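Novice: Handing you a structure now.
The values are calculated or read from the model by the stated rules, or taken from the named source; none is laboratory data. Everything numeric in this text was worked out from a predicted model, so none of it was measured. Because the Cβ atoms are built from the backbone with ideal geometry, glycine has one as well, and the counts that use them run over all protein chains shown. What goes into the accessible areas is simple: the full protein's heavy atoms, side chains included, and nothing from ligands, DNA or RNA. Shrake-Rupley method; radii C 1.70, N 1.55, O 1.52, S 1.80 Å.
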Amino acid sequence: MILNKIQEAADRYPDTVAVQMKVGDRYQQHTYRQVVRQIASVAQSLSKSGIEKGDRVALLSENRPEWLFAYLATVSLGAVIV
């Protein structure tokens, strides 16, 4: 599963840039360690909000790193993106 691969990468290369986005003339970078933490944080928030396995979650966002974190957090709970 993709989450296992991301965790493996974070364990092996915690400070390597995994995701970056150009903001103005600079790049905002997220390391594998930061990505895993963001996914866990969003998953915890979704879980506290009552999202659980089998639930459907709509994700509306521009293309940005937070979209990725929200997507992976949702699927890590077994919920479905619609």
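Novice: Being farther than 20 Å from Val19 by Cβ and of a type in the set (A, V, I, L, M, F, W, C) is the filter; apply it to region 58-82 and report the residue that is most open to solvent (accessible area, probe 1.4 Å).
Specialist: Across region 58-82, the extreme among qualifying residues is Val82.
Novice: Now for a separate question. Every residue in region 1-57 that is open to solvent by 90 Å² or more (accessible area, probe 1.4 Å), in a helix (DSSP H, G or I) and basic (Lys, Arg), please.
Specialist: Matches in region 1-57: Lys5, Arg12, Arg37, Lys48.
Novice: Would you confirm, using the coordinates I've provided, whether Tyr27 is closer than 19 Å to Ile6 by Cβ and of a type in the set (Phe, Trp, Tyr)?
Specialist: Spelling it out, it is not the case that Tyr27 is closer than 19 Å to Ile6 by Cβ and of a type in the set (Phe, Trp, Tyr).
Novice: Also, quick follow-up: Under 7 Å between Cβ atoms, which residue pairs at least 6 apart in sequence (or on different chains) link something in region 41-65 that is within 14 Å of Val82 (Cβ to Cβ) and among the acidic types (Asp, Glu) with a partner that is open to solvent by less than 40 Å² (accessible area, probe 1.4 Å) and modelled with pLDDT of 95 or more?
Specialist: Close Cβ pairs satisfying both conditions: Asp55/Ala79.
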